[in-house]
Structure formats: structure tokens, C-alpha cells
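Take a look at the structure set out below.
Please treat every number below as a calculation from the coordinates, not as lab data. What you see is a predicted model, and the numbers here were worked out from it, not measured in a lab. Cβ: placed from backbone, ideal geometry, glycine included. Neighbour counts: every protein chain shown.
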Amino acid sequence: MYMKNCWYAAAFSGEVGRHILSRTFLDFKTIIYRTEAGEVVAMADRCAHRSVPLSMGELVGDTVRCRYHGLCYDKEGSCVSVPGQTLIPTLAKVMTYPIVEKYRVVWIWLGDSALADPALIPDVYWLDHPEWVPSAGYHLIAANYQLLIDNLLDLSHETYVHPHTIGNSAVAASPLTVNVVAGREVQAHRDMLNCEPPPFYVSAAQSNFRIDRWHTTTFIPPGVCVIQSGSVPAGMEKQEAGAKGLKKERRNLNFITPETATSSHYFWASTRDYSLDDAALTEFIRKEVAFTFDQDKEVLEAQQREIGHSIDNPFPVALKADAGAIQGRRMLQMMIEKEKG
Ligand code: FES
């Protein structure tokens, strides 16, 4: 079900500090913390002695001390002290995972560590760039990660799930085009021409006139979706609108990491390239997006409850609007099978 030889988002950088963060990825229970020098460490959440979760323990300097009998593990997962004896058993070792911190995100590699090349982290520079401002958040969603990716590759649901923020009738009514890029990404694109601005566009982009709107979801398997969205006054060329300050663009970054077969970590950020110093707008967008994703959570969790563990036939009735999601699943499946050899 999972690709393992790849980078997954494990946390936003700001979540990780001098405390133990407990999180499960791909059914592996892990702990994450920072050393005193600021380096991020990830290791299995299970003491080698008697299997008590290390997340119940505490940090002592750069080591993790188990709550039960006090064994301490260093950042390499090696036991470095055993109360009451000087001999350290060779099997007293905990699995650690490669970690890279980039774009204000902590990325974890759960597969073969010899293959963990930082250059494979998807380019999501908007999160950490002076010309873009992020409004970011996190949801834990009780649904399989593929249901979230389906959701992002078919944004026609905005019309019905998000009518108070980003949706209106123009979204579902506009045709979808789908492309495979370089054999390893799926792009699903919609143009919504000469339409009423949905509520979010009026409040967050100051667009209280008819607009030409677009969004393109780029799915980078297994767990990154970048949604490029924007608008200009209806009929105006993008270049002219840009020169007049009327082109409003956002990059909506979505990092989806499986927690278990039926739950997912959802890290998100809406980044914008306008009104960069407007802190009130940044907070307003964060709240609006969080509210919008609360609605997705409600629908996706209901969908998961209904289908249970059955993932054999995800599209029993396929529509044109499903083309991106179907292509995304196809590519993901191909990559999982390739990894399995
Ligand atoms: Fe961890 Fe015994 S279970 S020290």
C-alpha cells in the first residue's frame, strides 16, 4: 500500500523542539526531537529492552531515557547507558530514520536509508521564500491517504463542500484537463472563465468583480500536491493584470503522509505573493483554510467509514471529473509495484 523509498513530511519545523514528538508514519510508531545543537532526530518509538514506548520517556541532553528502566539512547539509536551495569548489550539499539529539514518542513525517509538522497525532496520553495507568505496548518484525518489525494486531484467538490469559502457553481461546471508530466507527476487543470468570485476570493484576494480563475493540481507521488491557483479580472490578460496589481496568485501546498491504512497526516500551507506584510490577512487565510479543510475532513472520514478497508474498486462509477484522481492512483500504484520489484 505504501511507497517507502521516498521522503514524507513528518512535521513542520516549528513543531519539533526539545521535547519528544510522537507520530506514526506508514504504521511505524516514531519519536522526533531536536538535539541541543538543533539537529532533528527520528527513531522507533519502542525501547529495545522491554518494548515500552520511548515517547513515555524524556530527553536527557541529546539522549532519550526510557521511562521504565532508564536505558538511554543516543541520536544514532545506540544505548549509551544501562542503570546498574557498565556492560551495554549489543542488541540494545533502536532503529533511526534519515531526516532532512527543508522548506520549514521535517522530511522523513522510512525505506532503505542508503537511498535517502535529499535531492529527491519535492521543490516546494514557496514555503520558505521572501516573496511568498504562508498561512499553514495541520489536520489528522481518519481516512486513507489516497482518498485525500483523490480529493485534491478533483476540485469539483469545492462547489458542494466549500460554498462558504472557495467553491461556487463555476468550479464543477468547468471542464478538467489532465496531463502526465515527465512520467512521474499528474497535473489536473481547470479554467473558470468570467465567473462570480467565491467568498474566499472576495475576502482574501479583494476580488469583488467577475474573474477568470484557474487552478492546477500537480500531484508528485506519493504524498505531495501543489495547487497553483489564481485569478485576474474577467477578460484581462494575466500580464496586464499583474502590472496593475490585479493578478492574485497562491500556491497551496499539501503534504499527505499515511499514518495507518485508515488515517493520514495532512500538512498544508496556503502561500501568497501579495500583501506580504499583512499579518491580519495571513491569519485570516489560515482560519479560512482550516475551516475549509475541516469540511473535507468531515466528508473524507465519512467516506472512509463507508468503504472500510476495501480499496479494490475506488471508482465504481467513473466520471470525467475523476480523470485526475484515476491517473494519480494509476501512477502511484505503478511506483509502488516498481519499488517492490
Ligand atoms: Fe525501556 Fe526497560 S523497557 S528500559
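One residue is enough: does the stretch 22-37 have a residue meeting the conditions free of Cβ contacts under 8 Å to residues at least 40 places away in the same chain, at negative phi, surrounded by 18 or more Cβ atoms within 10 Å (Cβ to Cβ) and touching a helix residue (DSSP H, G or I) at 6+ places or on another chain (Cβ under 7 Å)? Lay out the reasoning, then the answer.
As a first pass, look at the stretch 22-37 and keep what is free of Cβ contacts under 8 Å to residues at least 40 places away in the same chain: 22, 29, 31, 33-34, 36-37.
Right, trim to at negative phi and you get 22, 29, 31, 33-34, 36-37.
When the remaining residues are screened for being surrounded by 18 or more Cβ atoms within 10 Å (Cβ to Cβ), the result is 31, 33-34.
Applying the additional criterion that residues be touching a helix residue (DSSP H, G or I) at 6+ places or on another chain (Cβ under 7 Å) yields 31.
Yes.
Which of the following residues is part of a strand (DSSP E or B) and either touching a Phe, Trp or Tyr at 6+ places or on another chain (Cβ under 9 Å) or loosely packed, with under 15 Cβ neighbours inside 10 Å (or both): TYR8, TYR2? Step through it out loud before you land on a result.
Values: TYR2 fails: part of a strand (DSSP E or B).
The match here is TYR8.
Scan the stretch 21-54 residue by residue and report those that are within 12 Å of the ligand (Cβ to nearest atom) and closer than 16 Å to MET95 by Cβ. Let's see the steps before the verdict.
Our first condition is that a residue be within 12 Å of the ligand (Cβ to nearest atom); within the stretch 21-54, this holds for 45-54.
Correct list: ASP45, ARG46, CYS47, ALA48, HIS49, SER51, VAL52, PRO53, LEU54.
Considering only residues that are more than 17 Å from GLU36 (Cβ to Cβ) and either within 9 Å of the ligand (Cβ to nearest atom) or of a type in the set (S, T, N, Q) (or both), which ones fall in the stretch 58-78?
Taking the stretch 58-78 and keeping what is more than 17 Å from GLU36 (Cβ to Cβ), we get 66-71, 77-78.
Residues satisfying the conditions are CYS66, ARG67, TYR68, HIS69, GLY70, LEU71, SER78.
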